[in-house]
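Asker: Can you read through this structure? Questions will come right after.
The values are calculated or read from the model by the stated rules, or taken from the named source; none is laboratory data. As the structure is a prediction and not an experimental result, all values here were calculated from the model. All Cβ positions, glycine included, derive from the backbone under ideal geometry; neighbour counts span all protein chains shown. We work out accessible area using only protein heavy atoms, side chains counted, and drop any ligands, DNA or RNA first. Shrake-Rupley method; radii C 1.70, N 1.55, O 1.52, S 1.80 Å.
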Amino acid sequence: MIDSKLTLDIITATLAGEKHEEQITKQLEHLEEVEYEHTGSGLLIFIEYRKAAKEFWLTDAQLKETFGIGEPELCKVELINEALNIKAETSVHFKNGIIDRVEIWNELGDYPEEDLKEWELRNM
């Protein structure tokens, strides 16, 4: 299961109201963060799945319905922490019908390497 409350909050907020929200949300208990990569202005959170997650993968037809022919990603939530000068775009990426990674890109400069303790998520 995903341990980071921030990661989970970003995914949950991003999925809210989306097609196949319930099915994708069921993936979450079978996913775990395996790597974090700080990029200076952002953070990449790589996610792997356990075998049981296959039951909740999006089919090719569902992927096309959800994302069209474009990149299978959802970008609709902004991460805010005014005290740390963070106003970051977030995106949830899919690969083969399952959540693959979360990206955070701070528009205002550097993104901190330590875990955030407080944040606000806003729809873009």
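Asker: Restricting attention to region 1-29, which residues are open to solvent by less than 30 Å² (accessible area, probe 1.4 Å), more than 25 Å from residue 85 (Cα to Cα) and either outside any loop (DSSP other than H, G, I, E, B) or without any contact (Cβ under 8 Å) to a residue 24 or more places away in the chain (or both)?
Answerer: 15, 24, 28 - these are the residues of region 1-29 that are open to solvent by less than 30 Å² (accessible area, probe 1.4 Å), more than 25 Å from residue 85 (Cα to Cα) and either outside any loop (DSSP other than H, G, I, E, B) or without any contact (Cβ under 8 Å) to a residue 24 or more places away in the chain (or both).
Asker: All but one of (1) under 24 Å from residue 1 (Cβ atoms); (2) assigned to a strand (DSSP E or B); (3) more than 12 Å from the chain's Cα centre (by Cα) hold for residue 104; which doesn't?
Answerer: The single condition residue 104 does not satisfy is (3).
One line per residue, one yes/no per condition, for (1) modelled with pLDDT of 95 or more; (2) in contact with a Gly (Cβ under 6 Å, 6 or more places away or on another chain); (3) within 22 Å of residue 117 (Cα to Cα):
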| residue | (1), (2), (3) |
| --- | --- |
| 36 | yes, no, yes |
| 41 | yes, no, yes |
| 51 | no, no, no |
| 55 | no, no, no |
| 61 | no, no, no |
| 77 | yes, no, yes |
| 100 | yes, no, no |
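Asker: Follow-up. For region 47-91, name all the residues that are acidic (Asp, Glu) and either surrounded by fewer than 12 Cβ atoms within 10 Å (Cβ to Cβ) or under 16 Å from the mean Cα position of the chain (by Cα) (or both).
Answerer: Going through region 47-91, the residues acidic (Asp, Glu) turn out to be 48, 55, 60, 65, 71, 73, 78, 82, 89.
Within region 47-91, 48, 55, 60, 71, 73, 78, 82, 89 qualify.
Asker: For residues that are in a strand (DSSP E or B) and touching a residue at least 12 places away in the same chain (Cβ under 8 Å), scanning just region 30-39, find the one that is least open to solvent (accessible area, probe 1.4 Å). Explain how you work it out, then say what you get.
Answerer: Of the residues in region 30-39, the ones in a strand (DSSP E or B) are 31-38.
Then drop every residue that is not touching a residue at least 12 places away in the same chain (Cβ under 8 Å), which leaves 31-34, 38.
Numbers: 31: 0, 32: 78, 33: 27, 34: 72, 38: 70 Å².
Among those that are in a strand (DSSP E or B) and touching a residue at least 12 places away in the same chain (Cβ under 8 Å), it is 31.
Asker: Could you check residue 42 against (1) surrounded by fewer than 16 Cβ atoms within 10 Å (Cβ to Cβ); (2) under 16 Å from residue 93 (Cα atoms) and say which number it fails?
Answerer: Failed condition: (1).
Asker: Right, here's the next one. Only one of these conditions is not met by residue 95: (1) touching a residue at least 24 places away in the same chain (Cβ under 8 Å); (2) open to solvent by 40 Å² or more (accessible area, probe 1.4 Å); (3) not hydrophobic (A, V, I, L, M, F, W, C). Which number is it?
Answerer: (1)
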